[in-house]
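Undergrad: Below: one structure in structure tokens.
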Amino acid sequence: MAIEVKNLCHIYGQDTIFEQYALKNVDLTIRDGEFIGLIGHTGSGKSTLTQHLNGLLKASSGDILYNGESIYREGFSMKELRSHVGLVFQYPEHQLFEVDVLTDVCFGPKNQGLSQEEAEARAREALALTGLDESFYKQSPFELSGGQKRRVAIAGVLAMKPEVLILDEPTAGLDPKGRDDILGLVARLHAEQGMTVILVSHSMEDVARYVSRLVVMNHGEKVFDGTPREVFRHYKELEAMGLAAPQITYVVHALRERGIPVDEDITTVEEARDAILALWKKAKGTGCCGEDKTC
Ligand code: ADP
Ligand code: MG
């Protein structure tokens, strides 16, 4: 299973005075089971790209292949594509509309043609995955906290059992606890359910800890695509695009500039802690920087 984006361009308002290139010649292959962070500052084309991945927008040029088949081919079922590729929109709580949580989450599977009973079974399973127990079922979605609303929205997509889950800025507007909860949930869905996940964010700090691959967008173009380590080596270029690398990248480079040989590929605070402790122990063993302050 793979989604291949080939030389994709998207122009909003084509042939009008408002013509705007949102995507330029984007090539991207998403493989089964990947956990990808799609990063870029506001207006870089992330949402436009995600909407192409489940057929909500039509490319101005280029192609998208789903399992080797063009989604623009005549007779291709967009409905089927959307049941395989689930998209949680930015601020998804704006799309909650049913009278209670359970009914809201049932909407997707019922739309897929499942019976009320089957849809409810799917909804219960999806809500359990997002950590919402039975006590939420009959509550109005509008009475929930921001983080809970977002869980309901994610459950609504999970209930359709997608193979690929795309979350557009799922932490936007949440407090730090809500943000960590949602990111933890997404990481679990990838690790435990084996889902292919695309996590869209404008914050490197948010995604660096979780994803195995980072795709960086700038002005509608894909500019970097690799492991977080590979991408953060370009931290100066990222900064020029208004995308700071995680704080720890700067700490590591500052230490190196002062002659302390920590690995420049460190991307998390935990890795930095271990590397600094190892260096400290080594130095202590040799008497350098030890308690006797010989160096
Ligand atoms: P991001 O999600 O990275 O913030 P978007 O994909 O929303 O970026 O936007 C990419 C570019 O396309 C921006 O310049 C934005 O103003 C423009 N754009 C987005 N949606 C529309 C739209 N519906 N009509 C016209 N222009 C749009
Ligand atoms: Mg966006």
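The values are calculated or read from the model by the stated rules, or taken from the named source; none is laboratory data. Owing to the predicted nature of the structure, the values given are computational and were not obtained by experimental measurement. Note that each Cβ is placed from the backbone with ideal geometry, even for glycine, and that neighbours are counted across all protein chains shown. Note: accessible area is taken over every heavy atom of the protein model, side chains too, but ligands, DNA and RNA are not part of it. Shrake-Rupley method; radii C 1.70, N 1.55, O 1.52, S 1.80 Å.
Undergrad: Return a yes/no flag: does segment 64-75 have any residue that is crowded, with 17+ Cβ neighbours inside 10 Å and closer than 22 Å to ASN218 by Cβ.
TA: The answer is yes; a qualifying residue exists.
Undergrad: Do we have any residue at all in segment 12-27 that's under 22 Å from SER77 (Cα atoms), buried (at least 19 other Cβ atoms within 10 Å of the Cβ) and modelled with pLDDT of 95 or more?
TA: no
Undergrad: Let me ask another. Residue by residue through segment 48-72, note down the ones that are more than 19 Å from the chain's Cα centre (by Cα) and closer than 25 Å to ASP15 by Cβ.
TA: LEU57, LYS58, ALA59, SER60, SER61, GLY62, ASP63, ILE64, SER70, ILE71, TYR72
Undergrad: Now, a different point. Note down all Cβ pairs under 7 Å where the first residue falls in segment 34-51 and is under 22 Å from PRO246 (Cα atoms) and assigned to a loop (DSSP other than H, G, I, E, B), the second is near ligand 1 (Cβ under 6 Å from one of its atoms) and at pLDDT 95 or above, and they're at least six residues apart or on different chains.
TA: These pairs meet every condition: GLY40/LYS46; GLY45/ALA22.
Undergrad: Tell me which residues, restricted to segment 11-43, are more than 7 Å from ligand 1 (Cβ to nearest atom), among the hydroxyl-bearing types (Ser, Thr, Tyr) and over 18 Å from the mean Cα position of the chain (by Cα).
TA: THR16, TYR21
Undergrad: Right, another one. Give me the residue from segment 91-123 that is assigned to a loop (DSSP other than H, G, I, E, B) and under 13 Å from ILE154 (Cα atoms) and, out of that set, most open to solvent (accessible area, probe 1.4 Å).
TA: TYR91
Conditions tested, residue by residue: (1) over 30 Å from HIS52 (Cα atoms); (2) of a type in the set (Ser, Thr, Tyr).
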site: MET195; (1), (2): no, no
site: ILE198; (1), (2): no, no
site: GLU205; (1), (2): no, no
site: SER212; (1), (2): no, yes
site: LYS222; (1), (2): no, no
site: ALA245; (1), (2): no, no
site: ILE248; (1), (2): yes, no
site: PRO261; (1), (2): yes, no
site: ILE266; (1), (2): yes, no
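Undergrad: If the Cβ limit is 8 Å and pairs must be 6+ apart or interchain, which residue in segment 125-138 that is closer than 16 Å to ARG150 by Cβ pairs with which residue that is assigned to a loop (DSSP other than H, G, I, E, B) and of a type in the set (Asp, Glu)?
TA: Every condition considered, the pairs that remain are LEU127/ASP133.
Undergrad: If I go through segment 67-90 residue by residue, how many of them are in contact with an Asp or Glu (Cβ under 8 Å, 6 or more places away or on another chain), assigned to a strand (DSSP E or B) and away from ligand 1 (no atom under 16 Å from the Cβ)?
TA: Residues that pass the stated criteria total 2.
Undergrad: I need every pair where a residue in segment 154-175 that is without any contact (Cβ under 8 Å) to a residue 24 or more places away in the chain has its Cβ under 7 Å from the Cβ of a residue that is open to solvent by less than 30 Å² (accessible area, probe 1.4 Å) and away from ligand 1 (no atom under 14 Å from the Cβ), sequence separation at least 6 or different chains.
TA: Taking only residues 6 or more apart or on different chains, not a single pair turns up.
Undergrad: Considering only residues that are more than 13 Å from ligand 1 (Cβ to nearest atom) and closer than 11 Å to PRO170 by Cβ, which ones fall in segment 200-211?
TA: Correct list: ASP206, VAL207.
This table checks each residue for (1) at pLDDT 90 or above; (2) under 29 Å from SER201 (Cβ atoms); (3) open to solvent by 50 Å² or more (accessible area, probe 1.4 Å).
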{"site": "GLU230", "(1), (2), (3)": "yes, yes, yes"}
{"site": "ALA244", "(1), (2), (3)": "no, yes, yes"}
{"site": "TYR250", "(1), (2), (3)": "no, yes, yes"}
{"site": "ASP265", "(1), (2), (3)": "no, yes, no"}
{"site": "CYS295", "(1), (2), (3)": "no, no, yes"}
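Undergrad: If you go through segment 28-51 one residue at a time, how many are open to solvent by 40 Å² or more (accessible area, probe 1.4 Å) and more than 16 Å from ligand 2 (Cβ to nearest atom)?
TA: Matching residues across segment 28-51 total 3.
Undergrad: Could you tell me whether any residue of segment 174-182 is within 13 Å of the chain's Cα centre (by Cα), crowded, with 16+ Cβ neighbours inside 10 Å, over 27 Å from ASP27 (Cβ atoms) and more than 16 Å from ligand 1 (Cβ to nearest atom)?
TA: Yes, segment 174-182 contains a residue that is within 13 Å of the chain's Cα centre (by Cα), crowded, with 16+ Cβ neighbours inside 10 Å, over 27 Å from ASP27 (Cβ atoms) and more than 16 Å from ligand 1 (Cβ to nearest atom).
Undergrad: Please enumerate the residues belonging to segment 52-64 that are outside any strand (DSSP E or B) and either within 13 Å of ligand 2 (Cβ to nearest atom) or not basic (Lys, Arg) (or both).
TA: Hits for segment 52-64 are HIS52, LEU53, ASN54, GLY55, LEU56, LEU57, ALA59, SER60.
Undergrad: Would you point out which residue out of LEU189, LEU127, LEU132 is surrounded by 22 or more Cβ atoms within 10 Å (Cβ to Cβ), touching a Leu at 6+ places or on another chain (Cβ under 8 Å) and not hydroxyl-bearing (Ser, Thr, Tyr)?
TA: After applying the criteria, what remains is LEU127.
Undergrad: A further question follows. Which one of these does VAL216 not meet: (1) among the hydrophobic types (A, V, I, L, M, F, W, C); (2) away from ligand 1 (no atom under 16 Å from the Cβ); (3) open to solvent by less than 60 Å² (accessible area, probe 1.4 Å)?
TA: Answer for VAL216: the failing condition is (2).
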